[in-house]
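All of the numbers you see were taken from the coordinates with simple rules; none came from a lab. Quick caveat: nothing in here was measured; it's all calculated off a predicted structure. Quick reminder, even Gly has a Cβ in these numbers, built from the backbone with ideal geometry, and neighbours come from all protein chains shown.
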Amino acid sequence: MDFSGLGKMLLWMGLIVAGIGLLFMMGGKGPFAWLGRLPGDFSFKSKNFSFYFPLATSLLISVVLTLILWFMNRK
């Protein structure tokens with residue numbers, strides 16, 4: 001059995017998870033402070049209820065991850 005493909009995939013996934021972890025550690029500081037406060041992110045607050053739906057942020061993250069995975073899979 002050749003596990004080199006699995007090893008490469010695990011390495012890439014580890015790097016991506018480490019990058020996401022660094023972003024979380026930075027919190028609201030750094031170059032990604034705007035993430036989560038884009039114009040398409042909806043928030044509603046009332047006296048006893050608050051609702052937040054990060055639509056634009058979700059779409060942006062989806063596009064970025066799709067491009068990363070597409071570049072990793074093309075040969």
Using R₀ = 25 Å, calculate the FRET efficiency as 1/(1 + (r/R₀)^6) where r is the Cβ-Cβ separation of Ser4 and Leu67; round to 0.05. 0.55
So what is the calculated 222 nm ellipticity per residue for the chain, using -39500 (n - 2.57) for each DSSP H run with n of 4 or more, over all residues, to the nearest 500 deg cm²/dmol? -19500 deg cm²/dmol
Candidate values (i) 17.9; (ii) 12.1; (iii) 15.1, label of the one derived for Kirkwood radius over Cα pairs in Å: (iii)
Suppose every Lys and Arg Cβ carries +1 and every Asp and Glu Cβ carries -1, with no other charges. What dipole size does the chain come out with about its Cα centre, to the nearest 20 debye? 180 debye
If unit charges are put on Cβ atoms (+1 for Lys and Arg, -1 for Asp and Glu) and the dipole of the chain is taken about its Cα centre, the option from Ile16, Ser50, Leu69 lying farthest towards the positive end turns out to be Ser50
Tilt, helix 55-73 to longest principal axis of the chain (alpha-carbon atoms), in degrees rounded to tens, equals 10 degrees
Can you tell me the orientation of helix 4-26 relative to the chain, as the angle in degrees between its alpha-carbon axis and the longest Cα principal axis, to the nearest 10? 30 degrees
